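The values are calculated or read from the model by the stated rules, or taken from the named source; none is laboratory data. Fair warning: this is a prediction, and the values are worked out from it, not measured in the lab. Backbone-built Cβ (ideal geometry, glycine too); neighbour counts: all protein chains shown. Areas reflect the complete protein model, heavy atoms only, side chains present, ligands, DNA and RNA absent. Shrake-Rupley method; radii C 1.70, N 1.55, O 1.52, S 1.80 Å.
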Amino acid sequence: MALVGAFLMVFLVVHLGINLFIIPISANHKEVFREAVYFMTSNPLIKIMEIFLFGGFILHIILGVILQIQNWMARPVRYKKEGWSHTSFFSKFMIHTGVVIGVFLVIHLMNFYLVKAGITNAPEGAARIADDHDFYGMAYNLFSNKAYSIIYIVLIVLLGFHLNHAFQSAFQSLGLDHSKYTPFIKAVGDLYSIVVPLGFCLIPLYFLIYH
């Protein structure tokens, strides 16, 4: 669970780095984004990594459900009086945020990956979709929809909550729990769970403000 989670967290950083070029952070942002998409959809090595990525998502979901069921079975009857716990606030709702993120992932795949596969139709809007690999046009049409952008922000915030506990939990599960290093790992985890979701939120915020 920890290894798969760490792999997915690295993927999020790469994914964010590409997605930020949807907004005009440079004069040739559209060209950079399209070139990155072309590389990610045509490179044979990336194709292999894509299999591991989807396998990682599926394995992460299955292991998450199994662990949650084991936790419920370990305590079938809850305490009559809930007391203070060392368990973090975010860790108590990992399965809940995980389910919401899972739903978001399905919607995300329907709007992009399944379009590329020819299974679903490209999102409609002001931008003309050149082909099934025109992810910039698809993203433009999606984020130009204010309702979609708002829902996207809410779901990304929930992802941030999920990541806040997941980051430090992964290190702990791998046995890297030490009184000297854990505070630093926790600080990096807090920073990661804020910066990465904030980066993703910049995209819909840009469209909400300027479109």
Task: Label-point separation, residue 188 to residue 1 (7 Å along Cα→Cβ), nm - done: 2.2
TODO: Express in nm, to one decimal, how much length is gained between residue 50 and residue 211 on full extension, taking 0.36 nm for each residue of separation and deducting their alpha carbon distance.
DONE: 54.7 nm
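Sort 47, 146 by heavy-atom solvent-accessible area, probe 1.4 angstrom, most to least.
Details: 47 80, 146 100 Å².
From most exposed to least exposed: 146, 47.
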- [ ] Give me the accessible area per residue for the chain, probe 1.4 Å, as a whole number in Å².
- [x] 63
Task: Förster-model FRET efficiency, 25 Å R0, residue 117 and residue 154, C-beta, rounded to 0.05 - done: 0.35
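Please work out whether the chain counts as rounded, prolate or oblate from its C-alpha gyration tensor, where a ≥ b ≥ c are the square roots of the eigenvalues and a/c under 1.5 means rounded, while otherwise a/b larger than b/c means prolate and anything else oblate?
Verdict is prolate for the chain.
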TODO: Mind jotting down the distance between the C-alpha centroids of region 97-124 and region 148-211, whole Å?
DONE: 21
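Explain nothing, just the number: dipole magnitude of region 97-211 about its Cα centre with +1 on each Lys and Arg Cβ and -1 on each Asp and Glu Cβ, in debye rounded to the nearest 20.
Working: 5 positive and 6 negative charges, 47 e Å.
In total the dipole reaches around 220 debye.
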Task: Rg in Å to one decimal, and Dmax rounded to a whole Å, for region 98-154 via C-alpha atoms - done: 11.4, 34
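Could you check how much of the accessible area of the chain is carbon and sulfur, as a whole percent, using a 1.4 Å probe? Walk me through the numbers before you get to the answer.
Values: 9450 of 13370 Å².
Looking at the chain in its full context, I get 71 percent from C and S.
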Open item on the list: Starting from the 7 Å offset along Cα-to-Cβ, what nm value, one decimal, do you get for the label separation of residue 42 and residue 73?
Closed with: 5.0
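How would you rank 24-36, 150-162, highest first, on the average number of other Cβ atoms within 10 Å across their residues? Don't skip to the end; give the middle numbers.
Details: 24-36: 13.6, 150-162: 18.3.
Highest to lowest by the protection proxy: 150-162, 24-36.
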Task: Proximal aspartates and glutamates relative to residue 116, as straight alpha-carbon distance under 17 Å, when same-chain residues fewer than 8 apart are discounted - done: 35, 50, 124, 131, 132, 134
- [ ] Scan the chain and note any complete DSSP helix (H) whose C-alpha atoms cover at least 30 Å along its axis and whose Kyte-Doolittle average is 1.0 or more.
- [x] 44-74, 146-173, 182-210
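With r as the distance between the Cβ atoms of residue 93 and residue 58 and R0 = 25 Å, compute the FRET efficiency 1/(1 + (r/R0)^6) and round to 0.05.
Details: r = 22 Å, r/R0 = 0.87.
Working from the Cβ atoms, E equals 0.70.
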Task: With all protein chains modelled, accessible area of residue 67 [1.4 Å, Å²] - done: 80
TODO: Could you please report the charge total around residue 22, scoring K, R as +1 and D, E as -1 over all other residues with beta-carbon less than 15 angstrom from its beta-carbon?
DONE: -1
